[in-house]
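Worksheet for the structure shown next.
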Amino acid sequence: MKSITEVEKSANRKAPEFPINVKNVFPKHRQQVLNENGWGFRDCYFTFDKDCLVFKGERYEMCNKPLKNARTSILELLNADITNYKPIKNPEHNECDYPPKVENKVFCEELKILKIEYSLNFDDRFLRCRGQALKDFYILRYGRFKRVPDIVVFPKSHEDVVTVVELANKYCAVLVPYGGGTNTTMSLNYLKDDNSRFFISLDTTQMNRILWFDKTSMLACMEAGIAGQDLEDALQKHGLTLGHDPDSIELSTLGGWVATRSAGMKQRKYGNIEDMVKKITLVTSVGVLEKNFLVPRASIGPDFDFIALGSEGTLGVITKAVVKVNPKPACKRYGSMVFPNFEMGVNFMYEVSKLTVKPTSLRLVDNIHFRLGFAFQHNRNFIGKAVDFIKLYGSQILYRLDFKKLSMTTYLIEGEKDEVDEIESQMKSCGSMHGGIFGGSKYAERAFQLTMTNCYLRDLFFDLGFLFDSIEPSIVWEKCWPMIKAIEKAWKDEMDKRKLLNALAFRISQVYDNGACVYFYYGIGPTTDRDQFEVFDELTDVLRVVILNHGGCLSHHHGIGKKSLKYYPQAVSSVGINVFNSIKKELDPQNIFDVGNFTIDQNKSKI
């Protein structure tokens with residue numbers, strides 16, 4: 001069998017030189033390009049310009065195009081009057097507002113000798129004391145964080161990480177790995193009352209190289225700090241794709257995907273991160289944990305890669321991973337189907353799950369999502385708008401559909417053309433069985449493009465005084481629809497009792513043979529009687545209980561962190577807690593990775 005070098009030469013192409021230095025979305029001082037007070041890039045944000053909603057910036061197709069219908073849809077969704085809307089500016093957080101940082105000059109001197117870069121700048125440290133949880137932004141505006149890192153360290157290699165971990169053990173410091181910072185479960189926050197330990201934020205994002213890839217075995221080894229979109233762009237230059245495509249792909253990292261057991265939009269074809277990873281390198285307090293072989297499968301006891309998967313920074317630092325890659329698809333096709341209501345859409349998703357052929361990505365949204373999405377599509381020319389109008393409202397007249405009940409599925413199919421044709425044909429057959437109407441490809445393609453910009457909407461709602469968050473349990477098909485209805489009922493009962501402005505919207509984001517991920521957003525308007533976030537936490541607990549009572553899991557792909565910590569024992573049993581504690585004690589005897597995730601007594605501290 002020919003090696004990759006021989007294959008490249010025979011094709012008259014220059015074989016790549018490894019490692020490949022990949023363009024990095026993250027500068028060391030990331031506040032230069034990233035929003036310190038919200039999601040994403042600092043030059044991109046939603047705002048109201050007279051009667052129109054506008055997404056400012058230059059990075060996305062929809063930037064700077066007036067979205068008048070989107071403004072109307074948001075007003076209907078929130079049942080709110082925002083005529084006098086003015087963005088609320090977050091108060092400044094200064095170093096004097098926080099406990100004095102713990103000094104460790106000897107540690108810094110050792111880093112200098114070893115030529116490992118670091119920063120003591122408050123802005124660098126403050127940006128890394130939290131992630132992207134809703135509570136993080138509530139604290140940014142109305143409170144103070146418990147602890148800010150004393151130093152940010154920027155390793156450039158696996159060897160640098162080994163050294164930093166050894167030094168952390170030497171000085172009994174606390175070390176929290178930090179990648180893209182997109183975490184939404186407060187897993188990056190340090191909440192201990194003890195302010196005496198030296199607190200290190202280890203930023204992995206300068207470790208972003210592709211160390212090697214092998215087109216014969218279709219494997220690639222990459223450093224853990226590489227951002228998803230940077231990774232994908234680099235692979236596609238060589239005719240490859242990983243196929244992991246979460247909503248946060250621009251900013252989340254490979255190491256973060258592994259640490260949280262991430263899932264992406266293309267799960268149906270390529271699998272989730274645990275299906276892609278073939279070997280993980282984890283730097284622990286007692287040494288490096290990794291397999292000494294790379295084979296398709298081995299029967300030699302428990303697979304220790306699964307210790308790293310989902311560990312959320314508690315056991316060590318993930319420095320690199322070998323992943324399965326795929327040929328860049330020859331054909332890509334988008335499509336959509338409209339259903340009379342959300343339940344019929346869910347039934348369609350179940351029908352598709354039984355097919356032997358699989359679309360790459362398949363998502364279903366309820367009517368609230370559908371109307372918002374349709375409003376956001378209205379930045380087209382007159383002809384495009386006319387076509388959309390005829391397709392949608394013509395179908396309503398012809399099929400007697402109610403626009404305020406419609407749901408829609410969007411899909412992406414990748415592969416050879418014949419394969420794509422076959423999959424789409426079978427999906428259309430399933431759709432027609434459940435009252436679906438084919439909606440064409442343009443809407444779906446634009447909907448996929450909107451995925452990354454939709455992440456910015458939460459900040460807009462927050463500025464309007466609304467708290468919005470999401471929960472993404474997975475559930476077996478038998479209990480899927482009953483759980484959705486139970487969530488709706490519990491939410492309505494609470495809203496009737498509390499008399500709050502509110503919104504609740506569902507989507508099916510991932511489909512499996514035996515179940516699905518039910519991803520839903522919930523939000524409330526300002527309250528006057530009690531602290532707003534206290535009320536929001538109570539509502540979250542109500543929804544969590546409904547999910548658990550129906551056999552759903554706490555999280556499909558966001559992780560546990562501290563957001564769902566108090567439910568963790570119920571999910572894994574006391575034996576599971578003891579097993580984790582035993583692993584933790586063995587790999588981290590001094591509790592260097594004391595971030596508090598999965599540590600049940602940490603729940604005694606008020607988050």
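The values are calculated or read from the model by the stated rules, or taken from the named source; none is laboratory data. Quick caveat, the model's predicted, so the values are computed rather than measured. In this analysis, Cβ positions are derived from the backbone assuming ideal geometry, glycine residues included, and neighbour counts consider all displayed protein chains. Surface areas here come from the heavy atoms of the whole protein model, side chains and all, with no ligands, DNA or RNA. Shrake-Rupley method; radii C 1.70, N 1.55, O 1.52, S 1.80 Å.
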Original post:
If Asp402 passes every condition in (1) closer than 27 Å to Arg59 by Cβ; (2) modelled with pLDDT of 75 or more but one, which one does it miss?
Top reply: (1)
Original post:
Mind checking which residues of segment 267-318 are touching a residue at least 60 places away in the same chain (Cβ under 8 Å), in contact with a helix residue (DSSP H, G or I) (Cβ under 6 Å, 6 or more places away or on another chain) and within 30 Å of Thr360 (Cβ to Cβ)?
Top reply: Glu312, Ile318
Original post:
Of Thr319, Thr356, which residue is under 17 Å from Gly225 (Cα atoms) and of a type in the set (S, T, N, Q)?
Top reply: Thr319
Original post:
Within segment 209-216, can one find any residue that is farther than 23 Å from Val174 by Cα, crowded, with 19+ Cβ neighbours inside 10 Å and in contact with a Ser or Thr (Cβ under 8 Å, 6 or more places away or on another chain)?
Top reply: no
Original post:
Given the structure, is Val54 β-branched (Val, Ile, Thr), at pLDDT below 95 and closer than 30 Å to Leu504 by Cβ?
Top reply: yes
Original post:
assigned to a loop (DSSP other than H, G, I, E, B), open to solvent by 10 Å² or more (accessible area, probe 1.4 Å) and touching a His at 6+ places or on another chain (Cβ under 8 Å) - does that describe any residue in segment 172-182?
Top reply: no
Original post:
Taking segment 559-583 as the search range and keeping residues that are crowded, with 18+ Cβ neighbours inside 10 Å and within 24 Å of Leu289 (Cα to Cα), which one is farthest from the chain's Cα centre (by Cα)?
Top reply: Phe580
Original post:
Under 7 Å by Cβ, and 6 or more places apart or on different chains, what pairs join a residue from segment 345-372 that is assigned to a helix (DSSP H, G or I) with one that is among the aromatic types (Phe, Trp, Tyr) and buried (at least 19 other Cβ atoms within 10 Å of the Cβ)?
Top reply: Gly345/Phe339; Phe348/Phe339; Asn367/Phe342
Original post:
With Lys442, Lys485 as the choices, which residue is more than 17 Å from His369 (Cβ to Cβ), of a type in the set (Lys, Arg) and at pLDDT 90 or above?
Top reply: Lys485
Original post:
From the list Leu167, Leu191, which residue is under 28 Å from Tyr456 (Cβ atoms) and not acidic (Asp, Glu)?
Top reply: Leu191
Subject >> Complete set of residues in segment 537-557 that are crowded, with 20+ Cβ neighbours inside 10 Å and touching a Ser or Thr at 6+ places or on another chain (Cβ under 9 Å) >> reply: Gly552, Leu554, Ser555, His556, His557
Subject >> Of residues in segment 517-536 being open to solvent by 50 Å² or more (accessible area, probe 1.4 Å) and part of a loop (DSSP other than H, G, I, E, B), the one nearest to Ser311 (Cα to Cα) >> reply: Asp531
Original post:
Pairs, please: C-beta under 9 Å, at least 6 apart or cross-chain, first residue of a type in the set (D, E, K, R) and in segment 445-467, second open to solvent by 30 Å² or more (accessible area, probe 1.4 Å) and not in a loop (DSSP other than H, G, I, E, B)?
Top reply: Glu445/Tyr334; Arg446/Tyr334; Arg458/Tyr521; Asp459/Tyr45
Subject >> Lone unmet requirement of (1) out of contact with any helix residue (DSSP H, G or I) (no Cβ under 7 Å at 6 or more places or on another chain); (2) over 16 Å from Thr205 (Cα atoms); (3) open to solvent by 10 Å² or more (accessible area, probe 1.4 Å) for Asn90 >> reply: (1)
Subject >> Elements of type helices (runs of 4 or more DSSP H) contained in segment 211-315, each with 2 or more residues being among the small types (Gly, Ala, Ser) and at pLDDT 95 or above >> reply: 228-236, 254-260
Original post:
Is it true that Asp513 is part of a loop (DSSP other than H, G, I, E, B), farther than 30 Å from Leu34 by Cα and open to solvent by 30 Å² or more (accessible area, probe 1.4 Å)?
Top reply: yes
Original post:
When you scan segment 29-65, how many residues do you find that are touching a Ser or Thr at 6+ places or on another chain (Cβ under 8 Å) and either part of a loop (DSSP other than H, G, I, E, B) or on the phi > 0 side of the Ramachandran plot (or both)?
Top reply: 4
Original post:
When you look at Ala234, is it in contact with a strand residue (DSSP E or B) (Cβ under 9 Å, 6 or more places away or on another chain), in contact (Cβ under 8 Å) with a residue 60 or more places away in the chain and under 30 Å from Gly38 (Cβ atoms), yes or no?
Top reply: yes
**OP:** Go through the residues of segment 136-143 one by one and say whether even a single one is assigned to a helix (DSSP H, G or I), at pLDDT below 95, basic (Lys, Arg) and open to solvent by 10 Å² or more (accessible area, probe 1.4 Å).
**Re:** yes
